Amino acid sequence: MALPIGEGGKGLGVTRDTGSGGDAVHERVPRNAPQLFNLGAKEFAIMFHDGRVTVDNSQPSGFNTPAGEQLPSGLANPLAVQAMLPVTSSAEMAGQTGENPVADAAAEGDLAGENGVWSLLTQRLRAIPEYVALFRDAYPGQITTADDIQFKDAANAIAAFEATAWRADNSRFDQYLRGNNHALTVRERKGMELFYGIANCSSCHSGKFQTDQNFHAIAMPQIGPGKGHNSEGYSDGREDFGREAVTGNENDRFRFRTPTLRNVALTAPYGHAGAFDTLEAVVRHHLNPVESLLNYDASQVRMPSRADLDEQDFVVMNDYWRVEQIALRNELASVDINEVQLVELMSFLHAFTDNAFLDDRRNVPSSVPSGMTLAE
């Protein structure tokens, strides 16, 4: 889906829905869910599309995050910090005010207090004997009883799992870098020449993970409910200012983090709001961002359907002035390549795929200690 359904949703993948009537979800998550591949690598010191989690040794926790000083110390890396945050979001996991104590604590901004979000969830973990046994095995010498468990331990465990389970480093491109000159086809090599040459992809998608870890405005379409941001004269909150919301610098408006391209063929849809449903569509956007934005094909978007949410999806894209503001911030020059070269470039992007992840069912547990189903 272009945008995730968090709390209240039912089903997995494309079958996930928004519910109906009194049991309907209140809102969609406003940004596309980022991929997990290789995020445990030390090079990934920044998390989220807007970079709101960063390593910052001036902070007591060692990180700069929306949780501020409430974030505990002892988190292993930025990926573990990221794992602390979805449970604090009403749209993602916590629920709405009045639905449960966690939702109420999240609404009040109480994350680390005695009755805060993390404490309440930790109490649930401590009350399940199988979880206590698993934590004891995972943290020998540190955790011996249920009372020793802290939510940071859960976050560190989640991060360790993600870093191991989604480490993708055996694509044919990796094999080529390791000296196998036959790993890439002739077409893929031509695509590589374009990628590092006239197509100019490597100006942002550089390094072994094909990302400069920076933020750029490339005229990405803004769909969905937005992040609550408003251009002057508007008050509907449908816009997403990206990096500006973190730095407070207007020059960062509509800048979003450069994603890694490892396994990029497996991570559709693309863009901070999931506006492009296929890899080819987003590559064509990069070739001429402004023209693509102005002629955006909204029919490609995959959204869970519900009438009162559907009307939110294209508020910005149907407003020419707002679209023009996104276009004016574009930093990416257009590139002129022909259709044959586009096929070659696409072939090279597919060479970033680690075939071990074409079937990822090995990472899906058959059950969890809480007894909940995986679709809840």
remark   = Of (1) surrounded by fewer than 16 Cβ atoms within 10 Å (Cβ to Cβ); (2) modelled with pLDDT of 95 or more; (3) within 28 Å of Gly6 (Cβ to Cβ), Glu291 fails just (3)
inquiry  = Between Arg302, Arg257, Arg306, which is at pLDDT 95 or above and of a type outside the set (A, V, I, L, M, F, W, C)?
reply    = Arg257
request  = Return the only residue of Glu291, Glu331 being within 30 Å of Glu232 (Cα to Cα), outside any helix (DSSP H, G or I) and not aliphatic (A, V, I, L, M).
outcome  = Glu331
message = Against the condition surrounded by 21 or more Cβ atoms within 10 Å (Cβ to Cβ) and either at pLDDT 95 or above or not small (Gly, Ala, Ser) (or both), how does Asp240 come out, does it pass?
response = yes
remark   = How many residues of the range 141-157 are crowded, with 16+ Cβ neighbours inside 10 Å and in a helix (DSSP H, G or I)? The answer is 8
message = Tell me yes or no: at least one residue of the range 179-188 is within 19 Å of Arg255 (Cβ to Cβ) and either at pLDDT 95 or above or in contact with a Phe, Trp or Tyr (Cβ under 7 Å, 6 or more places away or on another chain) (or both).
response = no
message = For the range 40-97, which positions are modelled with pLDDT under 95 and under 13 Å from the mean Cα position of the chain (by Cα)?
response = Glu92
inquiry  = Looking at the range 318-345, I want the residues that are assigned by TED's automatic domain parsing to the domain that holds Gly197 and of a type in the set (Lys, Arg) and have a partner that is surrounded by 13 or more Cβ atoms within 10 Å (Cβ to Cβ) and assigned to a loop (DSSP other than H, G, I, E, B) with Cβ atoms under 8 Å, at least 6 apart or on another chain. Which pairs are those?
reply    = Arg322/Gln222; Arg322/Ser231; Arg322/Tyr234; Arg322/Val316; Arg329/Ala217; Arg329/Ala219; Arg329/Arg253; Arg329/Phe254
inquiry  = Of all residues being in contact with a Lys or Arg (Cβ under 9 Å, 6 or more places away or on another chain) and part of a helix (DSSP H, G or I) in the range 294-325, which is surrounded by the most Cβ atoms within 10 Å (Cβ to Cβ)? Just the residue, please.
reply    = Leu309
query = Has the range 108-118 got at least one residue that is in a helix (DSSP H, G or I), under 30 Å from Asp50 (Cα atoms), modelled with pLDDT under 95 and not charged (D, E, K, R)?
reply = no
remark   = Condition set within 27 Å of the chain's Cα centre (by Cα) and of a type in the set (Asp, Glu), scope the range 189-236, selection modelled with the highest pLDDT: answer is Asp212
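The rows are residues; the columns are (1) in a loop (DSSP other than H, G, I, E, B); (2) under 23 Å from Thr54 (Cα atoms).
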site: Ala163; (1), (2): no, yes
site: His182; (1), (2): yes, no
site: Arg187; (1), (2): no, no
site: Gln213; (1), (2): yes, yes
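The values are calculated or read from the model by the stated rules, or taken from the named source; none is laboratory data. Quick caveat: nothing in here was measured; it's all calculated off a predicted structure. Every residue, glycine among them, receives a Cβ derived from its backbone with ideal geometry; neighbour counts consider all protein chains shown.
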